[in-house]
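**Student:** Got a structure for you, written out below as structure tokens; questions coming shortly.
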Amino acid sequence: ISPGERVAIIGGVGSGKTTLLRILAGLYHPQAGTIQISGLDMTQVADDVLRRNIGYLPQDFRLVQSSLRENIVMGMGNISDDVIMRVAMKTGLSKVIADHPNGLDLVIQEGGRGLSGGQRALVGLTRLLLGAPNLWLLDEPTANLDQNAENAVLQTLQDSLAPDDTLILV
């Protein structure tokens with residue numbers, strides 16, 4: 001897959017789509033062969049470099065017990081609420097934030113209990129957009145969203161991808 005390509009992976013249940021994305025994200029190691037990024041074997045690239053450049057959004061995005069803000073920016077450094085809200089407007093998460101009296105200070109339970117599957121997906125998408133990776137690995141990112149939210153998210157993804165960003169979408 002070349003830089004800038006947009007690739008869709010379609011297959012039946014259990015055909016290995018999620019496993020392939022996990023291998024591409026560096027979470028699993030291939031049983032044979034290698035994964036190369038810009039001609040380098042992925043195992044030879046530092047983990048922090050991979051995490052900065054590869055954005056992986058799994059089917060079931062898990063959250064930790066903390067605030068909504070912390071779940072969005074965890075490990076990304078100091079990101080202002082204004083920046084978070086600008087991105088949340090693009091994904092639709094801003095409605096969840098605005099509808100709750102605690103806003104970004106909303107306490108999230110372990111695993112994301114208290115949020116719907118669609119709301120958890122929007123948290124994951126917002127986090128992914130903030131990270132601005134070069135390689136986007138999305139595993140059914142809109143499966144828990146209604147048609148209007150799905151259309152908005154897909155448009156946001158299209159608008160957010162730089163010409164040389166690569167998208168692999170299940």
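**Student:** For residues in region 128-157 being of a type outside the set (A, V, I, L, M, F, W, C) and touching a strand residue (DSSP E or B) at 6+ places or on another chain (Cβ under 8 Å), which is most open to solvent (accessible area, probe 1.4 Å)? First the steps, then the outcome.
**Tutor:** Filtering region 128-157 for residues of a type outside the set (A, V, I, L, M, F, W, C) gives 131, 133-134, 139-142, 144, 146-148, 150-151, 155-156.
Filter again for touching a strand residue (DSSP E or B) at 6+ places or on another chain (Cβ under 8 Å), leaving 131, 133-134, 139, 141.
On the way: GLY131: 37, PRO133: 6, ASN134: 70, ASP139: 1, PRO141: 10 Å².
Residue satisfying both the conditions and the ranking: ASN134.
**Student:** Let me ask you something else. Within region 49-73, track down each residue that is outside any helix (DSSP H, G or I), out of contact with any Asp or Glu (no Cβ under 6 Å at 6 or more places or on another chain) and modelled with pLDDT of 90 or more. Quick ask: steps written out before the conclusion?
**Tutor:** Initially, region 49-73 is screened for residues outside any helix (DSSP H, G or I), giving 54-67.
Those left that are additionally out of contact with any Asp or Glu (no Cβ under 6 Å at 6 or more places or on another chain): 54-57, 60-64, 66.
If the condition is that a residue be outside any helix (DSSP H, G or I), out of contact with any Asp or Glu (no Cβ under 6 Å at 6 or more places or on another chain) and modelled with pLDDT of 90 or more, then ILE54, GLY55, TYR56, LEU57, LEU63, VAL64, SER66 are the ones that fit.
**Student:** Could I ask something else about it? Of everything in region 72-100 that's of a type in the set (S, T, N, Q) and within 23 Å of ARG51 (Cα to Cα), which residue is most open to solvent (accessible area, probe 1.4 Å)? Spell out the reasoning first.
**Tutor:** Within region 72-100, the subset of a type in the set (S, T, N, Q) is 78, 80, 91, 94.
Next, from what is left, pick out any that are within 23 Å of ARG51 (Cα to Cα): 78, 80, 91.
Details: ASN78: 159, SER80: 57, THR91: 9 Å².
Looking at the filtered set, the residue picked out is ASN78.
**Student:** Please indicate, with yes or no, whether at least one residue in region 141-150 is touching a Gly at 6+ places or on another chain (Cβ under 7 Å) and either at pLDDT 90 or above or closer than 30 Å to SER38 by Cα (or both).
**Tutor:** No: region 141-150 contains no residue that is touching a Gly at 6+ places or on another chain (Cβ under 7 Å) and either at pLDDT 90 or above or closer than 30 Å to SER38 by Cα (or both).
**Student:** I would also like to ask the following. Residues to consider are ARG113, ARG69, ARG51; find the one that is within 24 Å of ASP146 (Cβ to Cβ) and either in contact (Cβ under 8 Å) with a residue 12 or more places away in the chain or open to solvent by 30 Å² or more (accessible area, probe 1.4 Å) (or both).
**Tutor:** Working: ARG69 fails: within 24 Å of ASP146 (Cβ to Cβ); ARG51 fails: within 24 Å of ASP146 (Cβ to Cβ).
Criteria check complete, one pass: ARG113.
The values are calculated or read from the model by the stated rules, or taken from the named source; none is laboratory data. Since this is a predicted model, take the numbers as computed values, not measurements. Because the Cβ atoms are built from the backbone with ideal geometry, glycine has one as well, and the counts that use them run over all protein chains shown. Just so you know, the surface numbers come from the protein's heavy atoms only, side chains and all, with ligands and any DNA or RNA stripped out. Shrake-Rupley method; radii C 1.70, N 1.55, O 1.52, S 1.80 Å.
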